[in-house]
Amino acid sequence: MEVKDYIGKIELHLASLNSHQLIYAALDCRLAIERFVYNRLEFHSERHSAKLLFKNWQPHSAMRTLTLLEPDANKSFTLHMKEESERGEKEGFKLIGSHEGIDDAILNKKYHSLGSYLHLRKDMDSEKLRTLINECLDELKRLVIKKFECNLANIVKADCLACGQEIHINEKSIPNLKEIWCTDPNCNTKHFVKDFSQEKKLALILDATVFKCASCSAENLILNTKVKEGFSFKCTECHSKNEIIRKVWEYGVRETQQTALPRAKP
Ligand SMILES: [Zn+2]
Ligand SMILES: [Zn+2]
């Protein structure tokens, strides 16, 4: 089913006087939002990687991937074109289409708010749910108006430091990126952007911590998502099994001219 099919179903549910139908409207709203982002990723998969839509699909990670490839995913704009003339005439532009961006707030807030109604609730407020559905419906209708798909972006490639997969990033996205997740959903490893050079090389740093082997002191890099008490790893040098037994927080006073506090006297 496409987004417009879901819109038809949502409107039918809303027309019913039975407030129980609102639950189905909420479900169809969520499916429509997923279908929209899914379609966008499917479009980019053809050029970048068929794995973008592999299993573990979640709206928030799909949106994260989408912003890597399509920095204007959340912006709306129209595109006009005309044949170039020698005299530089400005008339005669034809509307090619409009791009309707999806508002992140829909995905992150409304999508989850809708989900909270898909359970048995004692405090079920039908009117509040109806308002929420109507807001989503307006947004969905805006997204399905005539639009074009543009895939002319300059692409920068970086290798995932965990799995080696190529990550494709729209060059326009880079200035605003601080973190990059591997777009292979089986890996999904977080990296920090270290540097973007003139030669269009993107340097990434793994979101990881160096642990010195307790036996031979060799440095072992462990992803921060794995670091927790009880986690064990085999040293890459001496193959000893190390286990994380305790975490220690280090902290200090950040002194600035305005906020420097007098040091406590011993
Ligand atoms: Zn990876
Ligand atoms: Zn070792």
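The values are calculated or read from the model by the stated rules, or taken from the named source; none is laboratory data. Source: prediction; values computed, not measured. Virtual Cβ from ideal backbone geometry, glycine too; neighbours counted across all protein chains shown.
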* Asked: Scanning segment 205-236 for residues that are among the hydroxyl-bearing types (S, T, Y) and either closer than 27 Å to N188 by Cβ or within 16 Å of ligand 1 (Cβ to nearest atom) (or both), which turns out surrounded by the fewest Cβ atoms within 10 Å (Cβ to Cβ)?
  -> S232
* Structure fact -> Per the filter on segment 237-266, residues surrounded by 10 or more Cβ atoms within 10 Å (Cβ to Cβ) and either modelled with pLDDT under 90 or in a loop (DSSP other than H, G, I, E, B) (or both) are E237, C238, H239, S240, I244, I245, E255, A260
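Residues checked against (1) within 16 Å of ligand 1 (Cβ to nearest atom); (2) closer than 30 Å to N242 by Cα; (3) assigned to a loop (DSSP other than H, G, I, E, B); (4) modelled with pLDDT of 75 or more:
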{"residue": "A158", "(1), (2), (3), (4)": "yes, no, no, yes"}
{"residue": "L161", "(1), (2), (3), (4)": "yes, yes, yes, yes"}
{"residue": "G164", "(1), (2), (3), (4)": "yes, yes, yes, yes"}
{"residue": "I180", "(1), (2), (3), (4)": "yes, yes, no, yes"}
{"residue": "H191", "(1), (2), (3), (4)": "yes, yes, no, yes"}
